[in-house]
Amino acid sequence: MADEISTVMSACQGKIVLLRLRNTKTVQGTLIDFDIHMNLTLNNAEDISEEKHLSLGKILLRGDNILAISLPTD
Amino acid sequence: MADEISTVMSACQGKIVLLRLRNTKTVQGTLIDFDIHMNLTLNNAEDISEEKHLSLGKILLRGDNILAISLPTD
Amino acid sequence: MADEISTVMSACQGKIVLLRLRNTKTVQGTLIDFDIHMNLTLNNAEDISEEKHLSLGKILLRGDNILAISLPTD
Amino acid sequence: MADEISTVMSACQGKIVLLRLRNTKTVQGTLIDFDIHMNLTLNNAEDISEEKHLSLGKILLRGDNILAISLPTD
Amino acid sequence: MADEISTVMSACQGKIVLLRLRNTKTVQGTLIDFDIHMNLTLNNAEDISEEKHLSLGKILLRGDNILAISLPTD
Amino acid sequence: MADEISTVMSACQGKIVLLRLRNTKTVQGTLIDFDIHMNLTLNNAEDISEEKHLSLGKILLRGDNILAISLPTD
Amino acid sequence: MADEISTVMSACQGKIVLLRLRNTKTVQGTLIDFDIHMNLTLNNAEDISEEKHLSLGKILLRGDNILAISLPTD
């Protein structure tokens with residue numbers, strides 16, 4: 001992840017992001033931190049793929065599982 | 001992504017691009033930025049794979065999921 | 001795994017972590033150590049994917065099999 | 001892609017190439033440019049996998065999706 | 001495989017380790033040596049996935065096939 | 001591809017090689033050139049997987065699709 | 001492939017090795033040479049996966065297809 005993208009991610013710290021994963025799952029949580037491999041730490045993460053959400057707590061998600069990250073737009 | 005390709009991508013910033021993904025999905029949006037791994041940020045992104053489009057908002061898409069990018073030709 | 005993430009992992013040493021793997025298995029154990037590839041050593045590891053847990057003992061798990069790590073929050 | 005191969009590709013710029021992809025699709029187009037990862041830009045690209053061809057316009061195709069490139073021989 | 005993990009592996013040389021592979025097979029043998037890619041050499045290796053064990057003799061196993069290694073704990 | 005292997009490949013230039021691919025296809029052609037990634041250029045290439053051979057002409061084949069190359073022995 | 005493993009492989013040159021591949025095939029042949037990526041050249045190679053063996057002649061096999069190599073022990 002190069003500088004242009006890193007700036008976008010930094011602006012999302014402390015905000016809720018929605019992750020679409022390569023395994024078709026969808027995970028939502030508050031972005032704490034990230035690194036150049038797009039590894040992310042999230043607070044209050046939830047697997048929201050099914051109607052009944054599954055609480056995951058605080059997680060570290062490996063970047064290579066990510067398809068796309070929906071970013072807050074404000 | 002080396003220089004030759006980077007120049008092509010730069011010319012598309014602010015324009016609508018269409019992404020064909022390795023998972024067979026098709027995503028459309030306005031290209032904001034990109035990096036050397038072909039990670040992209042898009043505004044007003046939509047999953048247009050199905051007849052009913054799905055709004056994705058502002059997204060960061062990991063480059064390793066991309067099959068091809070259709071570029072505006074103006 | 002860059003510095004930001006490494007700090008989070010260090011804080012979990014000696015604590016119980018829960019690993020969701022790319023093969024859909026779930027493994028739990030006490031984190032002993034880790035490296036920059038997210039390779040982990042765990043004590044008293046258990047495969048808790050099925051109702052009947054399977055004891056794995058002390059294991060070294062390759063980082064590239066990991067989807068996400070649920071971290072203790074205290 | 002090292003020098004020996006790069007020379008072959010350079011000789012194809014401005015000519016029509018046929019790409020066989022790892023996903024079994026076949027794409028044809030006029031080669032504009034390429035980089036060391038075999039990322040290619042094509043003009044007037046068409047997906048010719050099915051009897052009815054699908055126009056793709058100007059595209060940037062990621063090199064890691066390519067199985068083989070049929071090169072013009074003259 | 002970084003230093004922390006390498007130390008753990010060194011302590012297992014000459015001991016019996018149990019390998020869970022990404023292809024769901026399980027292999028057991030006496031660890032002779034290893035390298036930074038987690039490539040391993042094993043003596044008296046056996047595929048113990050099925051009830052009837054299959055003797056493999058002395059093998060070199062590529063590290064990228066490994067899911068986890070169960071380590072002797074004493 | 002390191003030096004030892006490169007020497008073997010050099011000796012095959014101008015000769016017919018048979019490629020077994022990871023997708024189970026078999027391709028035959030006259031080796032023109034190759035690079036360190038095992039990317040190959042072939043003249044008069046043919047897909048000989050089926051009884052009826054399919055002419056591919058001059059091709060550039062990406063090395064990461066190759067399982068094995070049968071080499072002429074004289 | 002680091003030094004420890006390289007020494008093991010060197011000791012096998014000129015001897016018959018048995019390769020278990022990731023695609024579940026089994027190949028046997030006399031090891032001629034190898035490189036750091038575990039790319040191998042074999043003489044008198046045979047696919048022995050089926051009861052009826054298939055002669056492959058002299059081959060260059062890409063290392064990333066290998067699961068394990070059974071080594072001669074004397």
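Being without any contact (Cβ under 8 Å) to a residue 40 or more places away in the chain and touching a Cys at 6+ places or on another chain (Cβ under 6 Å) is a condition met by at least one residue of region E:16-35.
Is it the case that A:Asp74 is open to solvent by less than 10 Å² (accessible area, probe 1.4 Å), at pLDDT below 95 and among the acidic types (Asp, Glu)? Taking the combined requirement at face value, the residue does not satisfy it.
Residues that are within 12 Å of chain G (Cβ to nearest Cβ) and open to solvent by 60 Å² or more (accessible area, probe 1.4 Å) were ranked within region F:6-15; the one that is farthest from the chain's Cα centre (by Cα) is F:Thr7.
Among residues of region B:24-38 being in contact with a Ser or Thr (Cβ under 8 Å, 6 or more places away or on another chain) and not hydrophobic (A, V, I, L, M, F, W, C), the one that is most open to solvent (accessible area, probe 1.4 Å) is B:Thr24. Can you spot a residue in region F:58-69 that is open to solvent by 60 Å² or more (accessible area, probe 1.4 Å), more than 16 Å from D:His37 (Cα to Cα), modelled with pLDDT of 95 or more and more than 11 Å from chain D (Cβ to nearest Cβ)? Taking every residue of region F:58-69 in turn, none turns out to be open to solvent by 60 Å² or more (accessible area, probe 1.4 Å), more than 16 Å from D:His37 (Cα to Cα), modelled with pLDDT of 95 or more and more than 11 Å from chain D (Cβ to nearest Cβ).
Looking at B:Lys52 and the list (1) crowded, with 20+ Cβ neighbours inside 10 Å; (2) basic (Lys, Arg); (3) farther than 19 Å from A:Arg22 by Cβ, which single condition is not satisfied? The one condition B:Lys52 does not meet is (1).
Could you list, in sequence order, the residues of region B:16-32 that are over 10 Å from the mean Cα position of the chain (by Cα) and more than 8 Å from chain A (Cβ to nearest Cβ)? Break it down stepwise before answering.
Of the residues in region B:16-32, the ones over 10 Å from the mean Cα position of the chain (by Cα) are B:22-25.
Correct list: B:Arg22, B:Thr24, B:Lys25.
Residue under question is D:Thr41, and the condition is that it be touching a Ser or Thr at 6+ places or on another chain (Cβ under 6 Å) and open to solvent by less than 30 Å² (accessible area, probe 1.4 Å); does it hold? In short, no. Picking from residues in region F:38-54 that are more than 10 Å from chain D (Cβ to nearest Cβ) and not basic (Lys, Arg), the one that is nearest to G:Leu42 (Cα to Cα) is F:Met38.
Restricting attention to region C:46-68, the residues that are closer than 19 Å to E:Gly63 by Cβ and either among the small types (Gly, Ala, Ser) or within 9 Å of the chain's Cα centre (by Cα) (or both) add up to 3. Just to be sure, is D:Asp35 over 26 Å from F:Arg20 (Cβ atoms) and either facing chain F (nearest Cβ under 8 Å) or over 11 Å from the mean Cα position of the chain (by Cα) (or both)? Yes; evaluated as a whole, the condition is true for this residue.
The values are calculated or read from the model by the stated rules, or taken from the named source; none is laboratory data. Predicted model only: the values in this text are computed from it and were never measured. When we count neighbours, we look across all protein chains shown, and the Cβ atoms used for this are built from the backbone with ideal geometry, even at glycine. We work out accessible area using only protein heavy atoms, side chains counted, and drop any ligands, DNA or RNA first. Shrake-Rupley method; radii C 1.70, N 1.55, O 1.52, S 1.80 Å.
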